[in-house]
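Just below is one structure, and these are the notes that go with it.
Coordinate-derived values only; no laboratory data. Nothing here was measured: the structure is a model prediction, and the numbers come from that model. When we count neighbours, we look across all protein chains shown, and the Cβ atoms used for this are built from the backbone with ideal geometry, even at glycine.
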Amino acid sequence: MISVLVADDHSMIRAGIESVLRGSRFKMVASAASGAEALDAIDHHDPAIVVLDINMPGMNGIQALETLRARDDRRPVVMLAADITDRQLLAVMRTGVDGILSKDGAGAELLDALETVMSGQKAIAPAILQRALDLTLNPDAGSALDRLNPRERRIARLVARGLRNRDIGKELTIGEGTVKVYLHTIYQKLGIDNRTELALLTVGDTENSTTAI
């Protein structure tokens, strides 16, 4: 039996997935209603596969995936989404998602997706992969950073280099708390939610500037 953890803030979705898994070689060993609960359950149950709703209150699925990968946890993660924005798609692809499923067809496609990711392959529809590629190649992707002032752009580039708040503070001779305040402002200006999305925008801005030169 292959253990699966399911995180979704709708209890009916969790119950529906558990029903789909019955009779298969997959078993839902735990469930969660937020990304933070999912991380706690992963530590406790050590599931073979994690299924995350992309939009959850508090810590969302993208942030939970980002945390797992930052821990060097490479277990397969399948993302559920009623709809996925361009920004969210780029974020999960960059962070290392193994599968993306629409909630509309999750029941019929879930078992196939779980089998695929367990075999070490990606369970992502070709149309979604093409969309992600098109977004990556879009020459206008980095223009959003023009909304930031020079200090904010410098912090964004330090985030893209992988520095944590404490290291950014040392680099700029400011407190870690001040860095957090700057990041909150940056997220609001750019309409993003986390460091992964900021890094994606910043890398795009750098690459586009280099191309323009």
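Please work out the FRET efficiency for the pair L163 and L133, using the Cβ-Cβ distance as r and a Förster radius of 25 Å; give the result to the nearest 0.05. In this case the efficiency is close to 0.30. Annotation: the residues V51, V181, V159, sorted from fewest to most other C-beta atoms within 10 Å of their own C-beta, follow the order V181, V159, V51.
Computed extension gain for R25 through D104, at 0.36 nm per residue and net of the alpha carbon distance, reaches 26.2 nm.
Note on R71 and D112: the model spin-label points, each 7 Å out from Cα along the C-beta direction, lie 3.2 nm apart.
Going by C-beta contacts inside 10 Å, put S119, S24 in order with the fewest on the left.
S119, S24
With the simple spin-label model, which puts each label point 7 Å out from Cα in the Cβ direction, the D86 to K180 separation comes to 3.3 nm. Taking every DSSP helix (H) stretch of at least 4 residues in the chain, weighting each as -39,500 (n - 2.57) and dividing the sum by the residue count yields a mean residue ellipticity at 222 nm of -17500 deg cm²/dmol. Going by neighbour counts of Cβ atoms within 10 Å, the residues R69, R151, R14 line up, fewest first, as R151, R69, R14. The amide H of M56, built 1.01 Å from its N in the peptide plane, has G61 as neighbours under 5 Å, considering only residues 5 or more places off or on other chains.
Seen from a random direction on average, the alpha-carbon convex hull of the chain projects onto 12.4 square nanometres.
Take the alpha carbon atoms of region 39-88, find their center, do the same for region 152-174, and report the distance between the two centers in whole angstrom. Cα centres, region 39-88 to region 152-174: 25 Å.
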